[in-house]
1. If I take every Cα pair under 8 Å that is 6 or more residues apart in the stretch 3-228, average their sequence separation and divide by the length, what percent do I get for the relative contact order?
2. Given springs between every Cα pair under 10 Å in a Gaussian network model of the chain, which of Phe213, Phe198, Phe27 has the largest fluctuation?
3. Applying the Karplus parametrisation 6.51 cos²θ - 1.76 cosθ + 1.60 with θ = phi - 60° to the phi angles of the stretch 106-112, what ³J(HN,Hα) value in whole Hz is obtained for each residue in order, glycine and proline being reported as x?
4. What residue among Val79, Val169, Val206 has the largest mean-square fluctuation in a Gaussian network model of the chain, using Cα springs under 10 Å?
5. Would you kindly state the longest site-free stretch of the chain, with sites defined as trypsin sites (Lys or Arg not before Pro) in a DSSP loop (not H, G, I, E, B) surrounded by at most 10 other Cβ atoms within 10 Å?
6. Heavy atoms only, probe 1.4 Å: what % of the accessible area of the chain goes to carbon and sulfur, would you let me know?
7. Can you work out the base-10 log of I(q)/I(0) for the stretch 3-228 at q = 0.08, 0.13 1/Å, using the Debye formula on its C-alpha atoms alone?
8. Which whole-number value in Å² is the accessible area per residue of the chain, probe 1.4 Å?
Amino acid sequence: MTEAQRRIVAEAWAFRTRVEREAADRFIRLATAISSFDVASPVPALMRRAAEDEQRHAALCVELATIYGTSEIGFAKDVPIAPRSLEGRAAVLYEVVAACCITETESVATLTTLLAEEVEPAVEKALRAIARDEVSHGRMGWAHLAREAARYDVSFLSSWIPAMLSGSVEDTLFLEPPEDRDLLRYGVLPPSTKKAIFARTLEEVVVPGLETFGIDGGPARAWLSARIH
Ligand SMILES: [Fe+2]
Ligand SMILES: [Fe+2]
């Protein structure tokens, strides 16, 4: 492993630490918001548990960042991501769909791809522990969407999906490592692979999932063909 590669790997794990911490804070905030309008929902309890998972993931990521040589993690801040024109319940739904149905589902696909590779034992341990939890984090998003869709028309989300996708891509592809397959064993995907996984998961899992709730997948597909393919 060269010094440059080591630096990229350390930065990638530091970046993931920030993403995990931000997710923890977001889930706590969303849990409080949801319990204010849907007292019978099981989702807030799931989100509080998920926040604990994310803190655990952050600790695993810090460990790897440290192994590969950085102790500078940087600061993560949770800010509401819904557009200003959405209020209350709709704004919460926007965030839950973006953070869980899209980001967590994409995360599972990325982790599964990495785990199919030969990775370093310490990296594998972290990836497995994280992957186990992210599946249920995706599910709690779909559960909230299902509860909301049973009460009101959620088709307005259709035109917002491209904005969610841009946000999610910025998050996950913000740190663009070089196209280096040697980094796979340290848990860093080449950007081309990462984009391909993102696109396939969107087409095969996320968009069909949204469509079952009457959210038209047209804008999402147009976004994808303009940016990724
Ligand atoms: Fe996580
Ligand atoms: Fe998660």
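The values are calculated or read from the model by the stated rules, or taken from the named source; none is laboratory data. Values in this document were obtained by computation on a predicted structure and should not be read as measured data. Cβ sites come from the backbone with ideal geometry, for glycine too, and all protein chains shown count toward neighbours. Just the protein is used for accessible areas: all its heavy atoms, side chains included, with ligands, DNA and RNA removed. Shrake-Rupley method; radii C 1.70, N 1.55, O 1.52, S 1.80 Å.
1. Details: 268 pairs, mean separation 50.7, N = 226.
The value is 22 percent.
2. Result: Phe213 has the largest fluctuation of those listed.
3. For the stretch 106-112, the Karplus-derived couplings read 5, 5, 4, 5, 5, 5, 4 Hz, x marking Gly and Pro.
4. With Cα springs under 10 Å in the chain, the top fluctuation among Val79, Val169, Val206 is at Val79.
5. On the way: sites that count: Lys77, Arg84, Arg151.
Looking at the chain, 152-229 is the longest stretch - no exposed trypsin sites (Lys or Arg not before Pro) with at most 10 other Cβ atoms within 10 Å.
6. Details: 5880 of 10800 Å².
Ligands and nucleic acids excluded, carbon and sulfur give 54 percent.
7. -0.28, -0.74
8. Details: 10800 Å² over 229 residues.
For the chain, the per-residue accessible area is 47 Å².
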